[in-house]
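Participant: Encoded as structure tokens, here's the structure I'll be asking about.
Quick note: the coordinates plus some simple rules give every number you see, no bench work behind them. These numbers come from a predicted model, not from an experiment. Cβ atoms come from the backbone with ideal geometry, glycine included; neighbour counts cover every protein chain shown.
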Amino acid sequence: MMLDFLKILPSVPFILEGVLVTLQYTLLSLFLGFLWGGALGLMKISHCRFLDIFARIYTSIFRGTPLLVQLILAYHAIPQLTGYQITAFEAGVLAFSLNSGAYVSEHIRAGILSVDRGQFEAAASLGISYFSTMKDIILPQAIKNILPSLVNESIDLLKESALVSTIGEMDLLRRANVVAAEKYIYFEPLLMVAAVYYVMVMVLSHFAKVLEIRLRRSD
């Protein structure tokens with residue numbers, strides 16, 4: 001087996017430009033997914049039966065269907081249904097955010113339920129409103145409990161962002177395929193991209209581990 005990484009050396013800067021694209025998808029989708037997941041999580045514990053049912057059906061659909069299918073639907077179905085020519089970036093962020101929100105909602109719901117029920121009762125006895133109780137007492141504790149899980153969700157989202165190459169976005173994987181087609185070699189550029197993803201995932205995993213240790217010490 002002959003490997004020739006020197007052959008792709010001039011193309012390394014071109015491939016690495018895809019890191020910015022990958023991080024843009026990951027960070028923006030994670031932020032929007034957290035906001036949407038927070039709303040869904042609150043719906044699941046609300047006293048409104050309709051909101052609870054909506055949030056659970058939504059989560060079931062987005063967790064029960066492949067992300068790739070959701071991405072392609074967003075990219076091809078939205079122009080057909082609405083007439084709006086959505087860009088690959090918009091379709092990717094939309095699909096990733098909606099999908100991430102479904103998973104984040106479960107983390108947030110579990111985090112809220114992990115907080116002692118007595119704190120709700122104590123706040124109610126002091127005349128504190130439900131909104132203030134959630135905002136100032138319950139949610140800060142819940143988010144602290146689920147921070148490691150949220151970091152793991154960001155790791156999953158980082159890896160899944162490679163799917164945008166299927167709709168033509170110039171991310172890491174797409175750029176590696178372009179170089180592979182130009183140089184007529186596939187193993188070297190794809191191996192390089194795998195290594196870049198591995199490094200980014202290891203950095204996030206280390207951050208998650210450090211964060212978990214600090215949270216344990218603060219208890």
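Participant: Which order, highest average first, do 203-213, 142-152 follow once you tally other Cβ atoms within 10 Å for each residue and take the mean per peptide? Don't jump to the answer; show the numbers that get you there.
Facilitator: Values: 203-213: 13.3, 142-152: 18.3.
Going from most to least packed, we get 142-152, 203-213.
Participant: So if each residue of separation counts as 0.36 nm, and I subtract the Cα-Cα distance between Leu3 and Ile72, what length gain in nm does that give? Can you show the working numbers first?
Facilitator: Working: separation 69, 0.36 × 69 = 24.84 nm, distance 3.47 nm.
Stretched out fully, the Leu3 to Ile72 stretch lengthens by 21.4 nm.
Participant: Set the Förster distance to 25 Å, then compute FRET efficiency between Val12 and Asn177 from the Cβ-Cβ distance, nearest 0.05. Walk me through the intermediate numbers first.
Facilitator: Details: r = 15 Å, r/R0 = 0.60.
Calculated value: 0.95.
Participant: Okay, next question. Between Gln80 and Arg214, what length in nm is gained on full extension when 0.36 nm per residue of separation is reduced by their alpha carbon distance? The partial results should precede the final answer.
Facilitator: Working: separation 134, 0.36 × 134 = 48.24 nm, distance 4.92 nm.
This chain segment gains 43.3 nm when fully extended.
Participant: Something else now. Multiply the residue separation of Ile53 and Leu190 by 0.36 nm, subtract the distance between their alpha-carbon atoms, and state the gained length in nm to one decimal.
Facilitator: Numbers: separation 137, 0.36 × 137 = 49.32 nm, distance 4.34 nm.
Length gained, Ile53 through Leu190: 45.0 nm.
Participant: Further, regarding this structure: Determine the distance separating the Cα centre of region 66-137 from the Cα centre of region 178-212; give it in Å without decimals.
Facilitator: So the two Cα centres are separated by 28 Å.
Participant: Among Phe31, Leu20, Pro79, which residue has its Cα positioned farthest towards the positive end of the charge dipole of the chain, with +1 placed on the Cβ of Lys and Arg, -1 on the Cβ of Asp and Glu, and the dipole taken about the Cα centre?
Facilitator: In the chain, that residue is Phe31.
Participant: From Cα coordinates alone, what are the radius of gyration and Dmax values for region 28-140 in angstrom?
Facilitator: Cα only, region 28-140: 17.0, 54 Å (Rg, Dmax).
Participant: So what J values fall out for region 188-197 if you push phi through Karplus, 6.51 cos²θ - 1.76 cosθ + 1.60 with θ = phi - 60°, rounded to Hz, Gly and Pro as x?
Facilitator: Coupling constants for region 188-197: 5, x, 5, 5, 5, 5, 4, 5, 5, 4 Hz.
Participant: With each pseudo-label sitting 7 Å past Cα toward Cβ, what's the Ser114-Leu28 distance in nm, one decimal?
Facilitator: 3.1 nm
Participant: Let me ask another. Compute the FRET efficiency between Lys144 and Phe89 as 1/(1 + (r/R0)^6), taking r as their Cβ-Cβ distance and R0 = 25 Å, and round to the nearest 0.05.
Facilitator: According to the calculation, E is roughly 0.15.
Participant: Quick one: compute a quarter of the convex hull surface over the Cα atoms of region 1-87 and quote it in nm². Mind dumping the intermediate values first?
Facilitator: Values: hull surface 39.2 nm².
If you wrap the Cα atoms of region 1-87 in a convex hull and average its projections, you get 9.8 nm².
Participant: Another question, then. Quote the Stokes-Einstein diffusion coefficient, in whole µm² s⁻¹, for the chain, based on the Kirkwood radius over alpha carbon pairs, a temperature of 25 °C and a viscosity of 0.890 mPa s.
Facilitator: Numbers: Rh = 19.6 Å.
In µm²/s, the coefficient rounds to 125.
Participant: Okay, moving on. At a Cα cut-off below 21 Å, give the lysines reachable from Lys144, other chains included and same-chain residues fewer than 8 away excluded.
Facilitator: Qualifying lysines at Cα under 21 Å: Lys44, Lys135, Lys209.
Participant: If you don't mind, another one. Given a Förster distance of 45 Å, report the FRET efficiency between Val203 and Leu126 from their Cβ-Cβ distance, rounded to the nearest 0.05.
Facilitator: Values: r = 44 Å, r/R0 = 0.97.
So the FRET efficiency works out to roughly 0.55.
Participant: Next up: Can you list the equivalent-ellipsoid semi-axes of region 137-219, largest first and in whole Å, using the square root of 5 times each Cα gyration tensor eigenvalue?
Facilitator: Numbers: eigenvalues 264, 39, 6 Å².
They are 36, 14, 5 Å, listed from largest to smallest.
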